[in-house]
1. Please find, within the range 63-76, the residue that is surrounded by the fewest Cβ atoms within 10 Å (Cβ to Cβ) out of those that are within 13 Å of the chain's Cα centre (by Cα) and more than 16 Å from residue 24 (Cβ to Cβ).
2. Among the residues of the range 82-92, count how many are modelled with pLDDT of 95 or more and surrounded by fewer than 16 Cβ atoms within 10 Å (Cβ to Cβ).
3. Criterion first (touching a strand residue (DSSP E or B) at 6+ places or on another chain (Cβ under 9 Å), exposed (fewer than 12 other Cβ atoms within 10 Å of the Cβ), assigned to a loop (DSSP other than H, G, I, E, B) and modelled with pLDDT under 95) does residue 7 satisfy it?
4. Does any residue of the range 19-29 turn out to be surrounded by 13 or more Cβ atoms within 10 Å (Cβ to Cβ), assigned to a strand (DSSP E or B), at pLDDT 95 or above and within 9 Å of the chain's Cα centre (by Cα)?
5. I need the full set of residues from the range 30-55 which are over 13 Å from the mean Cα position of the chain (by Cα) and at pLDDT 95 or above, in order please.
């Protein structure tokens, strides 16, 4: 049974959920050498651009596990919108970083 406003084809709103582990690295820089974009590089040499990168800029060179929505660009690039992230390595000077994002 359909509810009011519900369409028969729901494919358009479907998201691909993904969990990746890897190191956050710089992906883009401005002309002054400041990092403007980051990505997660996995152990199997996959790169996932981080769409909502601002909260994670301080995690460059950290090992993380991130879960979220996978999005593919026209050129085949893979991007992730992170919903949950945690550090994988234990570093004595760093507190455990965990974040969850809700739209």
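The values are calculated or read from the model by the stated rules, or taken from the named source; none is laboratory data. Since we're looking at a predicted model, the values are computed, not measured. Counting neighbours? That spans all protein chains shown, and the Cβs are built from the backbone with ideal geometry, glycine included.
1. Across the range 63-76, the extreme among qualifying residues is 72.
2. Residues that pass the stated criteria total 2.
3. In short, no.
4. yes
5. 30, 31, 32, 33, 34, 35, 36
Listed here are the residues, each with its yes/no results for (1) in contact (Cβ under 8 Å) with a residue 24 or more places away in the chain; (2) more than 14 Å from residue 22 (Cα to Cα); (3) assigned to a helix (DSSP H, G or I).
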{"site": "48", "(1), (2), (3)": "yes, no, no"}
{"site": "52", "(1), (2), (3)": "yes, yes, no"}
{"site": "61", "(1), (2), (3)": "yes, no, no"}
{"site": "75", "(1), (2), (3)": "no, yes, no"}
{"site": "80", "(1), (2), (3)": "yes, no, no"}
{"site": "86", "(1), (2), (3)": "no, no, no"}
